[in-house]
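First the structure, in the form of structure tokens, and then the observations on it.
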Amino acid sequence: MIRTLLLARLPRLAALAPLVLSLAVAACGSGASADDTRPLELTLVHVNDHHSHLDAIADVEMKIGGIDTRVELGGFSQVAGAFRAYQGRDDVLKLHAGDASTGTLYYTLFKGQADAELMNAVCFDAFAVGNHEFDDGDAQLRRFIDHLHAGACQTPVLAANIRPQLGTPLVPQAADDYLKPYTVKTIKGVPVGIVGITIKGKTQYSSRPLPSTEFDHEAGAAQRSIDQLKARGVRHIVLLTHIGYEADRRLAAQLTDVDAIIGGDSHTLLGDFSTLGAGYAAAGPYPTQVLNKDGKPVCIGQAWEYGKAIGELRIRFNAEGEVAACAGQAALIVGDRFRRRNAQGAWAPVDAATGQQIKAAVAADPRLVMPTPDAAAAELLQRYAGQVDTLKRQAIGHVAEALCLVRTPGEPTNRSAGVAGCENANQLARGSDVAQIALQSFLDASLRADVAIQNAGGVRVPIKAGPISMGDAFAVLPFTNLLIELPLTGAQIADSLEEAVAYYLDAGHGSGGSHPYAAGLRWHLDLRQPRGQRFSRIEIKDRASGAWSAIDPARSYIVVTYDYTALGQDGYATFGTVYASGNYVNSYLLYTQAVVDHIRARGTVDRPAAGDYAHQSVITSDGRVLP
């Protein structure tokens with residue numbers, strides 16, 4: 001059966017063997033023989049991109065038993081409970097595919113310590129470095145790893161394509177002080193190699209690694225590590241990557257001897273969740289199966305984002321060490337408190353009998369799992385939560401209708417799944433409501449700026465209709481960025497828009513995080529066209545009169561952005577060139593504070609008027625005209 005997570009099925013595990021044993025990779029090799037021909041059944045249980053989302057996400061809407069129901073989704077004590085359901089299995093590896101850091105006040109206040117301690121409640125067999133692990137530089141990544149290694153767990157932190165310089169924080173004495181290219185685990189007496197790969201360009205240009213920290217190309221580093229493992233007699237190879245789903249598919253075809261890829265970065269939901277609601281469209285099957293360079297099958301899994309899901313990928317190897325079959329399921333992690341509409345149409349807690357019916361429906365659905373929260377993880381989280389609660393509860397205003405989150409209009413995954421009013425947000429030309437509000441906040445905060453521009457990936461979560469708190473604002477913009485004002489000509493603004501799209505569409509960096517949004521600026525976008533011809537009818541709104549007019553290529557305008565993109569990160573090379581010349585003004589205003597001030601000043605926030613959205617029309621790269 002696909003799922004073994006449900007607690008009702010745990011008694012079946014009692015007869016299974018002890019926990020997986022670990023083998024550290026040492027100079028003497030794995031100790032395995034190259035002629036080892038034992039067949040193997042391996043289960044990879046995994047999460048990715050939890051981004052400091054340690055609390056459960058409340059009031060997520062889905063259909064359970066065909067009825068609209070609001071549930072709690074995720075929460076790291078529930079994630080730990082889901083992993084604990086595998087305790088006693090001798091065929092399991094527990095994996096995290098990166099981006100533990102940044103995203104909520106837990107990171108803002110505790111800088112990775114809370115994440116590390118909660119991860120140690122799971123005790124992962126391996127963790128791949130994500131690009132956001134470098135958001136506060138090499139020194140902060142070292143501190144995070146120190147927290148991760150403070151206890152007995154000692155999770156290996158993997159990055160085969162990252163080479164920090166000797167004497168810098170990650171390599172104080174030796175190359176593998178903090179980061180290792182791979183690790184080897186023993187499953188039923190058979191060595192299994194796990195290789196970590198981090199997205200190169202996006203980390204270099206979208207985060208803050210030291211200039212001396214070098215990043216190798218993903219495929220070359222992966223093959224190098226695979227070859228080293230094969231030389232040690234390791235025949236079963238898993239890549240633990242943080243490069244994105246489509247990049248995983250491409251990577252597999254470039255490599256020999258790879259058997260499975262557990263990925264992250266693109267926040268991809270895989271599997272068939274369509275009957276749970278329109279917002280749960282997936283980007284592909286779970287597992288996705290492709291062929292490697294040898295023409296042999298490779299099994300790919302990813303488990304969405306924010307601890308909302310856990311993946312279980314089961315692989316059966318034959319005696320020749322080749323993948324004979326793979327199967328599995330990504331399951332959404334739901335809590336045990338439910339709300340449904342009452343007779344008056346209002347959302348209300350269900351009664352005990354209805355609650356039992358819902359639990360039975362969850363237990364019967366392999367796409368859902370309701371684990372008992374892990375007690376140790378819950379206790380850890382409570383210690384941190386008490387320090388965060390006061391700030392999170394500060395009300396700052398009201399949102400009239402849901403502000404949906406989208407990166408690229410037309411993208412396959414709905415990043416606002418479960419948020420009422422955002423059911424098809426990813427298929428609308430207007431794109432991200434919440435990005436528009438953030439940018440209007442930046443524009444309001446700048447007395448000089450004509451327009452505000454930022455990358456889509458800088459905005460992290462949607463906002464539900466209803467009251468909005470300080471914690472909600474910091475979840476939307478969780479980083480410690482400052483607003484920067486840059487003088488750009490109209491031609492440079494147009495170039496910046498083109499290069500932001502080309503960064504992901506042509507150069508393949510990331511999953512659309514560089515896609516541009518703006519306030520006071522609007523355009524028509526045709527992603528079928530080559531670079532330089534994708535944006536047309538670019539117009540600027542006069543701040544005094546409110547009138548729109550065509551952008552003047554020769555005129556100088558003031559653009560407010562935040563320091564991340566001002567530095568040229570995420571493909572905004574023109575911004576970086578202007579910034580490097582010294583021709584900029586640093587406002588020293590935290591960008592999240594600009595949003596808080598904007599909401600407080602208005603009291604109630606609405607979606608922008610249709611004519612104020614940056615995207616006035618969109619044709620996708622596959623020719624769809626979005627409504």
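The values are calculated or read from the model by the stated rules, or taken from the named source; none is laboratory data. Please read all numbers here as calculations on a predicted model, not as lab measurements. Methodologically, a virtual Cβ is constructed for each residue, glycine included, from the backbone with ideal geometry; neighbour enumeration extends over all protein chains shown. Each accessible area value is taken on the protein alone, full model and side chains, heavy atoms only, with ligands, DNA and RNA left out. Shrake-Rupley method; radii C 1.70, N 1.55, O 1.52, S 1.80 Å.
Checking every residue in region 435-451 against the condition of being at pLDDT 95 or above, open to solvent by less than 10 Å² (accessible area, probe 1.4 Å), under 28 Å from E246 (Cβ atoms) and part of a loop (DSSP other than H, G, I, E, B) gives zero matches. Taking region 385-399 as the range and being open to solvent by 20 Å² or more (accessible area, probe 1.4 Å), assigned to a helix (DSSP H, G or I) and not β-branched (V, I, T) as the test, the residues that pass are G386, Q387, D389, L391, K392. Evaluating A566 against the criteria (1) open to solvent by less than 20 Å² (accessible area, probe 1.4 Å); (2) closer than 14 Å to Q440 by Cβ leaves one unmet condition, (2). Quick one: is R600 part of a helix (DSSP H, G or I), in contact with a strand residue (DSSP E or B) (Cβ under 9 Å, 6 or more places away or on another chain) and either within 17 Å of L443 (Cα to Cα) or open to solvent by 60 Å² or more (accessible area, probe 1.4 Å) (or both)? Yes. Kindly evaluate F479 against the criterion of being part of a helix (DSSP H, G or I) and under 18 Å from the mean Cα position of the chain (by Cα). The answer is no for F479. One residue alone among A353, A327, A361 is at pLDDT 95 or above, outside any loop (DSSP other than H, G, I, E, B) and either in contact with a Gly (Cβ under 7 Å, 6 or more places away or on another chain) or on the phi > 0 side of the Ramachandran plot (or both), and that residue is A361. Of the residues making up region 599-612, those that are farther than 20 Å from R537 by Cα and either small (G, A, S) or at pLDDT 95 or above (or both) are I599, A601, R602, G603, T604, V605, D606, R607. Determine if region 284-302 includes at least one residue that is more than 27 Å from the chain's Cα centre (by Cα) and among the basic types (K, R). Looking for residues that are more than 27 Å from the chain's Cα centre (by Cα) and among the basic types (K, R), one finds at least one in region 284-302, hence yes.
Against the numbered list (1) aliphatic (A, V, I, L, M); (2) at pLDDT 95 or above; (3) in contact with a helix residue (DSSP H, G or I) (Cβ under 8 Å, 6 or more places away or on another chain), A550 comes up short only at (3).
Name the single residue that is farthest from the chain's Cα centre (by Cα) among those in region 482-517 being without any contact (Cβ under 8 Å) to a residue 60 or more places away in the chain and open to solvent by less than 30 Å² (accessible area, probe 1.4 Å). It comes out as A494.
For region 227-245, a residue qualifies if it is touching a Ser or Thr at 6+ places or on another chain (Cβ under 7 Å) and either open to solvent by less than 20 Å² (accessible area, probe 1.4 Å) or modelled with pLDDT under 95 (or both), and the qualifying residues are G233, V234, H242, G244, Y245. Within region 107-121, the only residue that satisfies the criterion of being more than 15 Å from R143 (Cβ to Cβ) and either open to solvent by less than 10 Å² (accessible area, probe 1.4 Å) or without any contact (Cβ under 8 Å) to a residue 12 or more places away in the chain (or both) is L118. Checked against the criteria, T408 does not count as touching a Ser or Thr at 6+ places or on another chain (Cβ under 8 Å), closer than 19 Å to R460 by Cα and outside any helix (DSSP H, G or I).
Considering every residue within region 582-593, establish whether at least one is assigned to a strand (DSSP E or B), small (G, A, S), surrounded by 12 or more Cβ atoms within 10 Å (Cβ to Cβ) and modelled with pLDDT under 95. Within region 582-593 (the criterion being assigned to a strand (DSSP E or B), small (G, A, S), surrounded by 12 or more Cβ atoms within 10 Å (Cβ to Cβ) and modelled with pLDDT under 95), the answer is yes, since at least one residue qualifies. So, in region 173-220, of the ones that are within 21 Å of the chain's Cα centre (by Cα) and among the hydroxyl-bearing types (S, T, Y), which residue ends up surrounded by the fewest Cβ atoms within 10 Å (Cβ to Cβ)? The residue in question is Y205.
Counting the residues of region 130-155 that are part of a loop (DSSP other than H, G, I, E, B), out of contact with any Gly (no Cβ under 6 Å at 6 or more places or on another chain) and open to solvent by less than 20 Å² (accessible area, probe 1.4 Å) gives 2.
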